[in-house]
Amino acid sequence: MPSPDAPRGSHFAQMARAIRFLSDHYRDQPSLDDAAQAAGLSPYHFQRLFTQHVGISPKAFIGHLTLAHAKESLVRGNSVLEAALGAGLSGSSRLHDLALKIEAMTPGEFARGGEGLAIVHGFHDSPFGRALVMMTDKGVCGLAFADEGDEDETLADVRARWPQACYREDRGHTRLVAEQIFAPEREGRLTLHLAGTPWQIKVWEALLAIPPGQVVSYGALAARLSDAKASRAVGAAVGRNPISFLIPCHRVLAQTGALHGYHWGVSRKRAMLAVEAARAA
């Protein structure tokens, strides 16, 4: 059994196993002992480490996993989104409470598939599994997730967005940013270096107007950006989000509250929403 004094990354890996277990089995109302066993810890150490590294108690997390909670949040989230977008939002403005700044790649960089860009990357443990952090000299350009054994596939998936860029693995360079992203209380400011069409970036900026702990429907997002009938186009742009979690595409649900369609897995999406909702509460 791993020591409770193991490095932070090891703790994140243990919490990720427990979070995945709870997200997959929440309908069975698993006990604290069940979750602790999934993490490979004693119940006492599991309770303490979960609260320390995830920022909420295991009980609070389980309480926010249900579909009923998601449906209730939709009503509040749609109205919050309307107010936020109505007040105006741009890439240079303060983007909600995430302390994020957007810097778009030039049209030429985007059109050339990232030619001339140098991107460093590294995999790190997070509460939601292995996280791939990718950075240019201007900021975070990619954030993705991998299940066990799927790291190569995830890296290839993300690299396809910038096929002509120059890539270099440097976990030391990306480690501090990964820790900043997944800390229960994020400190400092992060710059996002985005590659996308003007429409995609407009949708991604709108996602940043959705507060942690809230969710919105694709229809509500489309109605605020253009036309409620444009839900499919909005959904396509949401699905092309290159910086998962930080740009919170996981906060967009079907009108029914269903969590389908998340690129990195519905279980992971459910876990992200439950963590954010419990923290907000």
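The values are calculated or read from the model by the stated rules, or taken from the named source; none is laboratory data. None of these values were measured; they are calculated from a predicted model. In this analysis, Cβ positions are derived from the backbone assuming ideal geometry, glycine residues included, and neighbour counts consider all displayed protein chains. Side chains included, ligands, DNA and RNA excluded: accessible areas come from the protein's heavy atoms. Shrake-Rupley method; radii C 1.70, N 1.55, O 1.52, S 1.80 Å.
Points worth noting:
- Among the criteria (1) farther than 15 Å from LEU246 by Cβ; (2) surrounded by fewer than 15 Cβ atoms within 10 Å (Cβ to Cβ), the one VAL216 does not fulfil is (2).
- Condition check for PHE12: at pLDDT 90 or above and in a helix (DSSP H, G or I): no
- Test result for THR136, at pLDDT 95 or above and not aromatic (Phe, Trp, Tyr): no
- Filtered residues of the stretch 219-229 (kept if in a helix (DSSP H, G or I) and either open to solvent by 20 Å² or more (accessible area, probe 1.4 Å) or under 30 Å from ILE56 (Cβ atoms) (or both)): GLY219, ALA220, LEU221, ALA223, ARG224, LEU225, ALA228, LYS229
- The set of residues in the stretch 122-171 that are in contact (Cβ under 8 Å) with a residue 24 or more places away in the chain, farther than 22 Å from MET105 by Cα and of a type in the set (Gly, Ala, Ser) comprises SER126, GLY129, ALA131.
- The residues of the stretch 114-163 that are open to solvent by 10 Å² or more (accessible area, probe 1.4 Å), in a loop (DSSP other than H, G, I, E, B) and on the phi > 0 side of the Ramachandran plot, listed by number, are GLY116, GLY149.
- Flag for THR51 being open to solvent by 40 Å² or more (accessible area, probe 1.4 Å), modelled with pLDDT of 85 or more and more than 15 Å from TRP162 (Cα to Cα): yes
- If you go through the stretch 142-177 and keep only what is under 16 Å from HIS193 (Cβ atoms) and in contact with a helix residue (DSSP H, G or I) (Cβ under 9 Å, 6 or more places away or on another chain), you end up with GLY142, LEU143, ALA144, TRP162, ALA165, TYR167.
- The stretch 50-66 residues that are under 14 Å from HIS25 (Cα atoms), paired with ones that are of a type in the set (D, E, K, R) and assigned to a helix (DSSP H, G or I) (beta carbon under 8 Å, 6 or more apart): LEU65/ARG270
- Screening the stretch 232-281 for residues that are open to solvent by 40 Å² or more (accessible area, probe 1.4 Å) and β-branched (Val, Ile, Thr) and picking the one that is nearest to ARG20 (Cα to Cα) gives VAL266.
- Failed item, numbered, when SER267 is tested on (1) of a type in the set (S, T, N, Q); (2) closer than 22 Å to ASP150 by Cβ; (3) in a loop (DSSP other than H, G, I, E, B): (3)
- The number of residues in the stretch 167-207 being assigned to a loop (DSSP other than H, G, I, E, B), within 17 Å of the chain's Cα centre (by Cα) and buried (at least 21 other Cβ atoms within 10 Å of the Cβ) comes to 0.
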